[in-house]
1. So, in the range 49-71, of the ones that are open to solvent by less than 50 Å² (accessible area, probe 1.4 Å) and under 28 Å from Gly16 (Cα atoms), which residue ends up farthest from the chain's Cα centre (by Cα)?
2. Mind listing just one residue for me: the one in the range 37-48 that is polar (S, T, N, Q) and free of Cβ contacts under 8 Å to residues at least 24 places away in the same chain and, of those, surrounded by the most Cβ atoms within 10 Å (Cβ to Cβ)?
3. Look through the range 8-23, keep the residues that are open to solvent by 80 Å² or more (accessible area, probe 1.4 Å) and in contact with a strand residue (DSSP E or B) (Cβ under 7 Å, 6 or more places away or on another chain), and return whichever of them is modelled with the lowest pLDDT.
4. Inside the range 39-73, can you point out the residues that are in a strand (DSSP E or B) and under 28 Å from Tyr7 (Cβ atoms)?
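The values are calculated or read from the model by the stated rules, or taken from the named source; none is laboratory data. Remember, predicted model here, so these are calculated numbers, not experimental data. Counting neighbours? That spans all protein chains shown, and the Cβs are built from the backbone with ideal geometry, glycine included. We work out accessible area using only protein heavy atoms, side chains counted, and drop any ligands, DNA or RNA first. Shrake-Rupley method; radii C 1.70, N 1.55, O 1.52, S 1.80 Å.
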Amino acid sequence: MTQESGYRIDSGCQSGSRLGFRGSEALGRNWNAVFTLEAGFDISTGTSLQGGRLFGRQAWAGLQHGSLGTIAL
């Protein structure tokens, strides 16, 4: 009788695997440029889960002011 063992990787079940970048850059006079880029992928194959879009989960950029708030597209 032979016993086999193996390993496998499964992608996240509830919210999926993600890779993201978030940042801000001071522009002066209390203004900042802000952005978020987030990609979802299947960790077992490396393929995109958002129909082939690179940052299909979330992608935005905007301006932020200390007392006025944030506007993003």
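1. My answer is Gly62.
2. From the range 37-48, those polar (S, T, N, Q) are 44-45, 47-48; that's our starting set.
Right, trim to free of Cβ contacts under 8 Å to residues at least 24 places away in the same chain and you get 45, 47-48.
Numbers: Thr45: 10, Thr47: 10, Ser48: 16.
My answer is Ser48.
3. Arg18
4. Those that are in a strand (DSSP E or B) and under 28 Å from Tyr7 (Cβ atoms): Ala39, Gly40, Phe41, Ser48.
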